[in-house]
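Beneath this line is the structure, given in structure tokens, with notes to follow.
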Amino acid sequence: MLLVIDVGNTNAVLGMYRGEELVRSWRITTDKSRTVDEYAMMVHELFRLSDIHFKDIEDVIISCVVPPLLNTLEELCREYFHLRPYVVGPGIRTGMPIHYDNPKEVGADRIVNAVAAHERSRRSLIVVDFGTATTFDAISSRGEYLGGAIAPGINISAEALFERASKLPRVEFTRPPQAIAKNTVNSIQAGLFFGYVGLVDGIVNQMKEEAGDDPLVMATGGLAGIIAPASKTIEEVHPNLTLEGLRIIYLRNKGNG
């Protein structure tokens with residue numbers, strides 16, 4: 001089986017593929033302080049609960065935007081899976097030209113999302129990823145990465161509001177009953193929810209205008225399912241887009257690791 005690992009600043013998501021089938025996935029907290037052995041214990045326990053064993057892992061591919069963790073995960077693969085993982089970065093074939101001033105500046109997760117989205121649709125796209133940051137990425141109909149935008153993530157904004165405004169409580173991010181809220185909790189939720197819906201639609205519409213065509217708008221990330229129903233621009237939601245992109249890139253590099 002193929003183990004795919006997407007490490008973000010807040011969470012890491014692991015997926016287990018048997019061929020094209022995503023057999024199981026797990027979400028864990030990103031923690032730079034954990035050792036190789038601590039990660040091995042955690043992964044072992046997750047596998048055990050799903051009746052999966054280390055010896056079942058035939059290959060691993062990693063996308064990581066937290067540099068200190070990459071060495072830890074590579075060592076994990078060598079020591080416990082006895083293999084060398086594929087790592088999304090310079091030298092790996094993505095099959096996607098990157099039209100960015102410095103291609104090395106584009107986060108690995110953004111390229112992985114773009115590859116998966118274009119493989120699904122084969123048309124021009126905008127991918128919105130609701131992660132630690134909210135990212136917007138434009139892909140041409142020819143499968144070229146054109147660039148994009150980065151905004152603070154929803155949870156970052158919520159936490160900043162709680163930390164900087166002494167009388168405002170920390171609240172759960174969810175859709176409130178209405179924008180004209182009747183209490184403080186709902187007022188904060190209204191500002192966050194409707195504010196981000198407006199942010200998403202505003203940036204997407206601007207990118208559509210600049211692209212000059214009618215790209216499909218696809219969303220992914222943990223909070224995509226909450227925002228998408230209220231958005232006038234998001235057309236599809238694919239929660240496992242990054243994992244699927246990792247599987248596709250692995251297949252494009254298999255045998256050349």
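Taken together, the values in this text are just the output of simple stated rules run on the coordinates, not laboratory data. In this text, all values refer to a predicted model and were calculated from it rather than measured experimentally. Methodologically, a virtual Cβ is constructed for each residue, glycine included, from the backbone with ideal geometry; neighbour enumeration extends over all protein chains shown.
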Note, D6: beta-carbon cut-off 13 Å, +1 each Lys/Arg, -1 each Asp/Glu, net 0
Just need the relative contact order of region 2-87 here, percent rounded to a whole number, with Cα pairs under 8 Å and 6+ apart. 32 percent
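Please report the net charge: other residues with Cβ closer than 12 Å to the Cβ of S141, K and R +1, D and E -1. It would help to have the intermediate numbers written out before the result.
Values: positive: R122, R123, R142; negative: E144, D213, D214.
Result for the neighbourhood of S141: 0.
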Gaussian network model of the chain, springs between alpha carbon atoms under 10 Å - residue of M207, M41, M16 with greatest fluctuation: M41
Restricting to Cα pairs under 8 Å and 6 or more apart, the percent relative contact order of the chain works out to 18 percent
Tilt of helix 67-76 relative to the longest C-alpha principal axis of the chain, in degrees (0 to 90, nearest 10)? 30 degrees
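Output the peptides 114-122, 96-104 sorted from most to least packed, where packing is the average of other Cβ atoms within 10 Å over each peptide's residues.
Working: 114-122: 21.3, 96-104: 12.4.
The peptides rank, most packed first, as 114-122, 96-104.
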Semi-axes of region 103-245's equivalent ellipsoid from the Cα gyration tensor, sqrt of 5 times each eigenvalue, largest first, rounded to whole Å? 29, 15, 13
Relative to the chain, whose Cα atoms define the longest principal axis, helix 184-211 and its Cα axis are tilted in degrees, nearest 10, by 70 degrees
Once every Cα of the chain carries one equal point scatterer and solvent is ignored, give the base-10 log of I(q)/I(0) from the Debye formula at q = 0.13, 0.16 Å⁻¹, two decimals. -0.87, -1.20
Just how large is the dipole of region 1-44 about the Cα centre, in debye to the nearest 20, putting +1 at every Lys and Arg Cβ and -1 at every Asp and Glu Cβ? 60 debye
